[in-house]
Amino acid sequence: MTDNRLTVVSLLLSFSLLCGCSSGNKTVEQPDEKTVIVGLAYSATYPELFKHAVKNAFEKKGYKVVIKQVNNGNMLNSSLARKDIDCHLSGHTAWMEFAVERDHLDLSMLITVPSSIYGLHTTTLKARNLAELKQELKRGDVVAIPNDPSNLARGLIFLEDIGLLKLKDDINKYYATDKDIAENPYGIVLKPIDSAQSARVLESVAFSLVFGTEAYNANIISSRIVREIITDERFLVGFIVRTEDLEKTWATDLIEAVRSEEFKNVVEDKRYIFNDFQRPQWYVDLWGIPNDFVN
């Protein structure tokens with residue numbers, strides 16, 4: 001009897017180990033290092049960039065890509081922190097840093113990509129370039145600008161770069177608000193609004209600062225009269241990951257996919273809108289294709 005009992009116990013232990021049974025009778029699954037879950041917002045630009053320019057090059061390295069899309073890009077940082085996704089392509093470094101500070105997250109930028117940027121759009125003014133805009137503006141003209149913290153600051157920097165206002169010298173401009181305006185020579189009145197509304201208010205303002213994504217969705221991306229030129233790449237969109245994953249093999253391979261010739265060929269293909277995006281400096285250096293923007 002003793003030998004039989006020992007045999008039964010041994011068989012049961014072996015069976016449990018093979019099945020990987022947990023206390024809840026559920027199989028304990030080990031993470032699949034070759035499956036990468038990518039978070040994307042429901043908008044045309046960056047999901048399209050990922051699907052056309054990145055996904056295939058990344059999958060050629062042996063990865064299975066699972067895409068999870070959400071209505072609100074702000075949800076992606078919390079999803080990343082919860083490990084519901086492995087990375088996301090939705091925001092820029094300045095936006096990420098606001099979320100890191102506010103929500104105490106440990107996230108990092110893995111690599112930036114060509115980015116759809118602000119354009120200055122108008123349907124109420126006749127101006128078609130910056131010089132004409134400055135001549136036509138009147139004191140009290142209302143200007144729509146995104147109201148979330150990082151992009152409000154970014155919009156103010158844009159307006160300062162083109163000479164429509166001046167920010168205080170003794171501030172961190174990446175945290176600037178409309179209270180930090182030192183000079184307003186044209187007397188414009190800022191109207192902070194949700195960025196999703198920026199293309200919808202054109203009939204009621206002198207001009208609006210519209211993200212490339214929103215302009216693309218509204219089919220007005222080619223009608224901007226002034227485009228933002230980003231001198232600080234903190235405002236370029238890229239792949240955001242948990243800091244602990246920066247050195248993971250899949251993260252390194254994702255960087256290689258973005259830096260691949262296949263990625264470059266899609267970005268520069270005139271069938272898409274990506275060649276109108278601002279290229280990161282690493283891209284300019286690697287491929288010798290400059291950003292040639294004229295306002």
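The values are calculated or read from the model by the stated rules, or taken from the named source; none is laboratory data. As the structure is a computational prediction, the values presented were derived from the model and not from experiment. FYI the Cβ positions are ideal-geometry reconstructions off the backbone, even for glycines, and counts take in every protein chain you see.
Looking at Val65, is it in contact with a Gly (Cβ under 8 Å, 6 or more places away or on another chain) and within 24 Å of Leu286 (Cβ to Cβ)? No. Taken together, the criteria exclude Leu110 from residues that are outside any strand (DSSP E or B), in contact (Cβ under 8 Å) with a residue 24 or more places away in the chain, more than 22 Å from Asn217 (Cα to Cα) and of a type in the set (A, V, I, L, M, F, W, C).
Report yes if some residue within region 51-64 is at pLDDT 90 or above, part of a strand (DSSP E or B) and in contact with a strand residue (DSSP E or B) (Cβ under 7 Å, 6 or more places away or on another chain); otherwise report no. Yes, the conditions are met somewhere in region 51-64. Condition check for Ser90 on (1) part of a strand (DSSP E or B); (2) in contact with a helix residue (DSSP H, G or I) (Cβ under 7 Å, 6 or more places away or on another chain); (3) modelled with pLDDT of 95 or more; (4) buried (at least 21 other Cβ atoms within 10 Å of the Cβ): one failure, at (3).
Any residue at all in region 125-142 that is over 20 Å from Val205 (Cβ atoms), part of a helix (DSSP H, G or I) and of a type in the set (A, V, I, L, M)? Scanning region 125-142 turns up at least one residue that is over 20 Å from Val205 (Cβ atoms), part of a helix (DSSP H, G or I) and of a type in the set (A, V, I, L, M). Taking Asn77, is it of a type outside the set (Lys, Arg), assigned by TED's automatic domain parsing to the domain that holds Ile273 and either surrounded by 15 or more Cβ atoms within 10 Å (Cβ to Cβ) or at pLDDT 95 or above (or both)? For Asn77, the condition - of a type outside the set (Lys, Arg), assigned by TED's automatic domain parsing to the domain that holds Ile273 and either surrounded by 15 or more Cβ atoms within 10 Å (Cβ to Cβ) or at pLDDT 95 or above (or both) - is met. Residues considered: Leu156, Leu105. Of these, the only one that is among the hydrophobic types (A, V, I, L, M, F, W, C) and assigned to a helix (DSSP H, G or I) is Leu156.
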